[in-house]
1. Report, ordered by the first and then the second residue, all pairs with beta carbons closer than 9 Å, sequence separation of six or more or different chains, a first member in the range 64-89 that is of a type outside the set (Gly, Ala, Ser), and a second member that is outside any helix (DSSP H, G or I).
2. Any idea which of GLY142, GLY118, GLY173, GLY194 is under 21 Å from ALA95 (Cβ atoms) and either at pLDDT 95 or above or of a type outside the set (Val, Ile, Thr) (or both)?
3. Being charged (D, E, K, R) and touching a Ser or Thr at 6+ places or on another chain (Cβ under 9 Å) is the filter here, so list the residues in the range 118-159 that pass it.
4. Looking only at residues in the range 156-195 that are of a type in the set (Gly, Ala, Ser) and in a loop (DSSP other than H, G, I, E, B), which one is farthest from the chain's Cα centre (by Cα)?
5. Exactly one condition in (1) loosely packed, with under 12 Cβ neighbours inside 10 Å; (2) touching a residue at least 24 places away in the same chain (Cβ under 8 Å); (3) over 15 Å from VAL188 (Cα atoms) is not met by VAL135; state its number.
Amino acid sequence: MSKKETPDQEFEQRPGDHEGTEQADPGETVEVALEEAESLTTLLEDARSKADEHWNELLRARAEIENQRRRFERELENAHKFALEKFSGELLAVADSLELAVNAANQEGASVEGLRDGSELTLKMLLQVLEKHGVRQVDPAGEKFDPQHHEAMSMQPSAEAEPNSVLFVVQKGYAVNERLIRPARVIVAKASEGA
């Protein structure tokens, strides 16, 4: 390297330096570039068509989900509105029976036995409708007192009954599908003072 040459100038090409190296044909270079551009354009068009296809699928899926959501909301609203429809329809027979009993009691010569029999049949019909819909009567007479299902009204000494058992049922309880909606109100036996 001469004193005036800088390192950058050392690698500069000078005319005649590339003699002996092969030069590419400019027409060939343009042809290769065009082929590559066409190939890339084709790939781009494929990618765009796939993206459009996926976008349309996404829009259809969103619309379907929205339609399902609306349908479920409508069905839920109807379920809340008409949930008691079947139950109420079956209670109508009980109401009719009670109405007949009241009309019979208002007639001259109505017998107590007839009214009692009619009331018993109506009560039986009511309990059957309740049971059909998952409402069970809790009648714990003679059972051990259970504070989760029974409400103690008072305690009474008893020589016959076992201590801490239900002596009398003041009001029966009810459960819907094993979930207590009203506890049975009971009088609980306790050991008699002489025992």
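The values are calculated or read from the model by the stated rules, or taken from the named source; none is laboratory data. Please read these numbers as outputs of a predicted model, since none were measured by experiment. Note that we place each Cβ from the backbone using ideal geometry, even for glycine, and neighbour counts take in every protein chain shown.
1. LYS86/HIS133; PHE87/HIS133
2. Values: GLY142 fails: under 21 Å from ALA95 (Cβ atoms); GLY173 fails: under 21 Å from ALA95 (Cβ atoms); GLY194 fails: under 21 Å from ALA95 (Cβ atoms).
Testing whether each residue is under 21 Å from ALA95 (Cβ atoms) and either at pLDDT 95 or above or of a type outside the set (Val, Ile, Thr) (or both) leaves just GLY118.
3. Taking the range 118-159 first, the residues charged (D, E, K, R) are 120, 124, 131-132, 136, 139, 143-144, 146, 151.
Matches in the range 118-159: GLU143, LYS144.
4. Selected residue: GLY194.
5. So VAL135 meets the others, but not (1).
Each row is one residue, and each column tells you yes or no for (1) closer than 24 Å to LEU130 by Cα; (2) among the small types (Gly, Ala, Ser); (3) assigned to a helix (DSSP H, G or I); (4) modelled with pLDDT under 95.
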| site | (1), (2), (3), (4) |
| --- | --- |
| ARG62 | no, no, yes, no |
| HIS80 | yes, no, yes, yes |
| LYS86 | yes, no, yes, yes |
| GLY89 | yes, yes, yes, yes |
| ALA95 | yes, yes, yes, yes |
| LEU100 | yes, no, yes, yes |
| ALA105 | no, yes, yes, yes |
| ALA110 | no, yes, no, yes |
